[in-house]
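Working notes for the structure below.
What follows is calculated from the coordinates using simple rules that are stated; it is not laboratory data. A quick note: this is a predicted structure, and the numbers were derived from the prediction, not measured. Note that we place each Cβ from the backbone using ideal geometry, even for glycine, and neighbour counts take in every protein chain shown.
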Amino acid sequence: AQSVTQLGSHVSVSEGALVLLRCNYSSSVPPYLFWYVQYPNQGLQLLLKYTSAATLVKGINGFEAEFKKSETSFHLTKPSAHMSDAAEYFCAVSVKNTGNQFYFGTGTSLTVIP
Amino acid sequence: NAGVMQNPRHLVRRRGQEARLRCSPMKGHSHVYWYRQLPEEGLKFMVYLQKENIIDESGMPKERFSAEFPKEGPSILRIQQVVRGDSAAYFCASSSTRVSQETQYFGPGTRLLVL
């Protein structure tokens with residue numbers, strides 16, 4: 001079965017500091033991995049995705065994530081936090097040939113301190 | 001270039017009433033997914049539909065919930081005889097193909113409150 005674990009339901013960083021949001025997945029077959037951002041009372045917006053090409057994936061708004069098979073991780077990073085990055089972040093996994101549903105983590109709420 | 005549209009954005013129902021949630025996928029997308037987000041939780045898959053067909057309803061509760069995606073018009077998620085536990089945000093997503101690596105594009109959600 002597939003699952004996603006996001007360690008740290010709440011993360012606070014200072015403006016300009018490194019952002020690191022953790023995501024670990026469980027899958028018996030190679031996964032496809034996604035990071036979405038959700039602003040208050042809005043839908044989910046795709047930040048980036050991994051689909052078995054390059055292991056380091058660059059997304060929008062300066063975010064990037066690295067797929068590490070040995071660690072079953074897909075952590076999201078951004079070198080310098082901006083106030084506008086404050087939002088809820090969700091990691092999701094999809095697996096080939098097991099249907100089209102995405103399995104989501106419980107989310108990480110990012111607070112940026114001025 | 002409209003994205004995924006959902007309405008209403010907010011819906012209040014009393015216990016026992018029916019809730020109808022609508023979703024119009026992105027232009028050119030024929031694959032629709034419904035997810036439910038309970039407070040402090042991630043999104044949970046409910047159902048996957050293509051035009052006129054339910055492909056996967058493994059996440060749908062067995063009773064009171066139904067979904068359709070007719071040939072014409074939006075996809076509808078219907079909840080009959082709502083209970084307080086149905087209070088949640090319901091998100092619709094769409095994609096252009098059914099391959100697993102295809103991005104799902106999400107609507108703004110419908111927030112259902114059952115009194």
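Here are the numbers for this structure:
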item: Of A:Gly62, A:Gly16, A:Gly43, the one that fluctuates the most in a GNM where chain A has Cα springs shorter than 10 Å; result: A:Gly43
item: Length gained when the stretch B:Glu40-B:Ile76 is fully extended (0.36 nm per residue, less Cα-Cα span); result: 10.4 nm
item: Efficiency of FRET between A:Ser109 and B:Ser58 - r from beta-carbon atoms, R0 35 angstrom, step 0.05; result: 0.75
item: Gap separating the Cα centres of the range B:1-42 and the range A:41-56, nearest whole Å; result: 21
item: Percentage relative contact order, chain A, counting C-alpha pairs under 8 Å, at least six apart; result: 38
item: Order of A:Phe34, A:Phe67, B:Phe91 - criterion: other Cβ atoms within 10 Å of each residue's Cβ, fewest first; result: A:Phe67, B:Phe91, A:Phe34
item: Loop trypsin sites (Lys or Arg not before Pro), the range A:5-79, which have at most 12 other Cβ atoms in a 10 Å radius of their Cβ (DSSP); result: A:Lys69
item: Rounded FRET efficiency, nearest 0.05, which uses the C-beta distance separating A:Ser9 from A:Glu64 and R0 of 22 Å; result: 0.50
item: Spread of Cα-to-Cα distances over 5 Å intervals beginning at zero, given as percent, for the range A:71-114; result: 5, 17, 22, 20, 15, 11, 6, 3, 1, 0
item: Between the range B:51-84 and the range B:86-101, the Cα center-to-center distance that results, in Å; result: 12
item: Percent of alpha-carbon pairs separated by more than 21 Å within chain A; result: 31
item: Fewest-first sequence of A:Leu46, B:Leu112 by Cβ atoms within 10 Å of each Cβ; result: A:Leu46, B:Leu112
item: Intensity falloff of chain B expressed as log10 I(q)/I(0), Debye formula with alpha-carbon point scatterers, at q = 0.14 Å⁻¹; result: -0.52
item: Cα-projected label distance for B:Ser96 with A:Leu18, points at 7 Å along beta-carbon direction, nm; result: 3.7
item: Interchain or long-range residues, amide H under 5 Å from A:Phe67's placed H; result: A:Leu56, A:Val57
item: Karplus-derived HN-Hα couplings along the range B:11-18 (A = 6.51, B = -1.76, C = 1.60, θ = phi - 60°), whole Hz, x at Gly and Pro; result: 9, 10, 9, 8, 3, x, 7, 9
item: Radius of gyration and Dmax over the Cα atoms of the protein assembly as shown, both given in Å; result: 17.6, 51
item: Footprinting exposure proxy for B:Ile54, B:Ile79 (fewest neighbouring C-beta atoms within 10 Å first); result: B:Ile54, B:Ile79
